[in-house]
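Below is one structure, written out as structure tokens; comments come after it.
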Amino acid sequence: MTRFAIISDIHGNFAALESVLRRIDRLRVDEIICLGDVVGYGPRPDACLNTVMRRCAHVVQGNHDEAVLDPAVDRGFNENARAAIRWTRSTLGPLHLDAICNFPTALYLGRDTVCFHDTPNREQTNYLNGAGAASLAFTRLDRPICLVGHTHVPMVFECDAAAGPTPEPETITCHRPVDAMPIPLRADGRYICNPGSVGQPRDADPRASFAILDLDRRSFTVHREAYDIVATQMETQRVGLPLILARRLDVGA
């Protein structure tokens, strides 16, 4: 198996997830990998979990997934995220909680690829949103390709293998993916690849984001997919979640 669809940060947005999966079905992949945060923020955590467990070959546990299981985790969230995770916790049943409990925090795909939700630095939750953070992450990697989510922004960090196991920030190239344009993954390079967010993009593009990792062609391609944002906004308000969680969807922030 060499062609993977990579999804992340669904955050209870079932309309976005359905649209992305329909697109993935047309793209013909071997497996779907989820990098975590299936729940949190959005109004349909149960439907998202049911679908992810059915459609994805592997699911990594995200920090919002963990917070559903451990109330101590949500104390570090902002007020709106904390309100959403506590509402989510109250809506999920034992089978959903058991499934989340069994999501691993790290996943290896063959010899070349490792997956985390946020960072390979397991001592802290971190946003890999710049060369400085990426340089620290590269020091913890034992595979040439690392897949992460968490930032809700699609991005590829590249460093030359000649830079060694502890590359300086100035040796790292930051690629901002363009919709449907493959980013080559050189055999002599090391990469941290982020597919962006299905359910709550934060790069000023409200369309759902996901990626295709093709290990035969050695490429990482981000795709954007429109979905019914208004329907999700209305449902978010109907269940009583903070209004800002609905409003941010149509601006991609």
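General remarks:
- When the range 8-22 is filtered for residues that are of a type in the set (A, V, I, L, M) and either surrounded by fewer than 24 Cβ atoms within 10 Å (Cβ to Cβ) or closer than 13 Å to Leu49 by Cα (or both), the ones remaining, listed by number, are Ile10, Ala15, Leu17, Leu21.
Yes or no, residue by residue, for (1) assigned to a helix (DSSP H, G or I); (2) of a type outside the set (D, E, K, R); (3) modelled with pLDDT under 95:
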residue	(1), (2), (3)
His64	yes, yes, no
Ala67	yes, yes, no
Pro71	no, yes, yes
Ala81	yes, yes, no
Arg89	yes, no, no
Ile100	yes, yes, no
Phe103	no, yes, no
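- Residue within the range 149-165 that is at pLDDT 95 or above, β-branched (Val, Ile, Thr) and in contact with a His (Cβ under 6 Å, 6 or more places away or on another chain) present: yes
- Within the range 129-155, if we keep just the residues that are in a loop (DSSP other than H, G, I, E, B) and hydrophobic (A, V, I, L, M, F, W, C), the residue that is farthest from the chain's Cα centre (by Cα) turns out to be Leu141.
- Every residue from the range 169-194 that is part of a loop (DSSP other than H, G, I, E, B), touching a residue at least 40 places away in the same chain (Cβ under 8 Å), surrounded by 14 or more Cβ atoms within 10 Å (Cβ to Cβ) and touching an Asp or Glu at 6+ places or on another chain (Cβ under 9 Å): Ile172, Leu185
- Ser135 being hydroxyl-bearing (Ser, Thr, Tyr) and free of Cβ contacts under 8 Å to residues at least 24 places away in the same chain: no
The values are calculated or read from the model by the stated rules, or taken from the named source; none is laboratory data. Remember, it's a predicted structure, so these values are computed and weren't measured experimentally. Reconstructed Cβ throughout: ideal geometry from the backbone, glycine too, with neighbour counts over all protein chains shown.
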